[in-house]
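Asks: My structure is below; once you've seen it, I'll send some questions.
The values are calculated or read from the model by the stated rules, or taken from the named source; none is laboratory data. Keep in mind that what you see is a predicted model, and the values were worked out from it rather than measured. Counting neighbours? That spans all protein chains shown, and the Cβs are built from the backbone with ideal geometry, glycine included. Accessible surface areas use protein heavy atoms only, side chains included; no ligands, DNA or RNA. Shrake-Rupley method; radii C 1.70, N 1.55, O 1.52, S 1.80 Å.
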Amino acid sequence: MGGRLAIIAVSTAYVAILAVGAFEDRREALADAIGMADMAVVAALAGLLWLACLIRPTAGARAHAAINATLHPIGKWISIGALIAMVCFILLQVLMRYVFNDAPNWTEEAARFGMLWLVGLMSPIAYRHGGFVAIDMLERALNARLAAILSLILFAMSFAVLLVMWDKGLNNHVDSLSGRGCSSTLRWPFGIEIGKCGAKFSNYYQYLALWVGINLLILVCVELILRQILTLLGRDAGLDPLGDNEEIGSAS
């Protein structure tokens, strides 16, 4: 893989995996066709992609970096809009409650909806640039090579946790009884009716926020793992730095 071809190949692979993995009927149809469990099919497809990236880590890291660099500005501006909306909803609730004594019942849930999407879309950006709170005393006390090995181990542990969260987030929340439920207060404007919930807002859109965030975090984690492998191999010179700092953000 190399250059633009690698970006197209990796992007297409992720789209194909999500097109199958995010829908139970598609997973089961493919699983029945090849005689495997439905989630095992998704794991096998993702495993083949990540194995190809490990075989060609430079191309894989550049492809993931390009994908993240494209998606993150979009998520950032959506998050800004969600934050503005959240603040407006909360201020409206305070105004209506304490000035007019007639607080609307939908503002709290609408603010929570904005917060969920804000967290889901901004977490990958913070993770990629080392914005999470980290205790790095041990990492700083080690020499450069041992610190890189420690970071790689921590990235791998994070990756394992994210894979579990991907499964649980999809099957226990998004594609679940609660995820298919309807909001008690939020309504579509102008009398619009969508799906089985009609004018009510589906809980699916709220649960989906964090699952989307997990998918984006997995993309970032794979990039960081590949970058760390290249650092250990001494082949990271051709990679673009993350933000204003050439060092990879702390794994913790």
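Asks: Counting just the residues of the range 177-197 that are open to solvent by 100 Å² or more (accessible area, probe 1.4 Å) and within 17 Å of Ala110 (Cβ to Cβ), which one comes out modelled with the lowest pLDDT?
Replies: Among those residues, the one meeting the criterion is Phe190.
Asks: Identify the residue in the range 142-161 that is open to solvent by 40 Å² or more (accessible area, probe 1.4 Å) and small (Gly, Ala, Ser) and, among all such residues, is nearest to Trp211 (Cα to Cα).
Replies: Here the residue is Ala160.
Asks: Considering each residue of the range 115-164, count those that are in a loop (DSSP other than H, G, I, E, B) and touching a Ser or Thr at 6+ places or on another chain (Cβ under 7 Å), and give that number.
Replies: So the count comes out to 4.
Asks: Pairs please, first residue from the range 8-21 and within 18 Å of Leu217 (Cα to Cα), second anywhere and among the aromatic types (Phe, Trp, Tyr) and modelled with pLDDT under 90, Cβ atoms under 9 Å, 6+ apart in sequence or on different chains.
Replies: Gly21/Trp166
Asks: Right, next: Please go through the range 17-38 and pick out each residue that is open to solvent by 50 Å² or more (accessible area, probe 1.4 Å), part of a helix (DSSP H, G or I) and among the hydrophobic types (A, V, I, L, M, F, W, C).
Replies: Result: Leu18, Ala29, Leu30, Ala33, Ile34.
Asks: Please go through the range 92-141 and pick out each residue that is modelled with pLDDT of 85 or more, open to solvent by 70 Å² or more (accessible area, probe 1.4 Å), charged (D, E, K, R) and over 25 Å from Ser202 (Cα atoms).
Replies: Once the filter is applied, which keeps residues that are modelled with pLDDT of 85 or more, open to solvent by 70 Å² or more (accessible area, probe 1.4 Å), charged (D, E, K, R) and over 25 Å from Ser202 (Cα atoms), the range 92-141 yields only Arg97.
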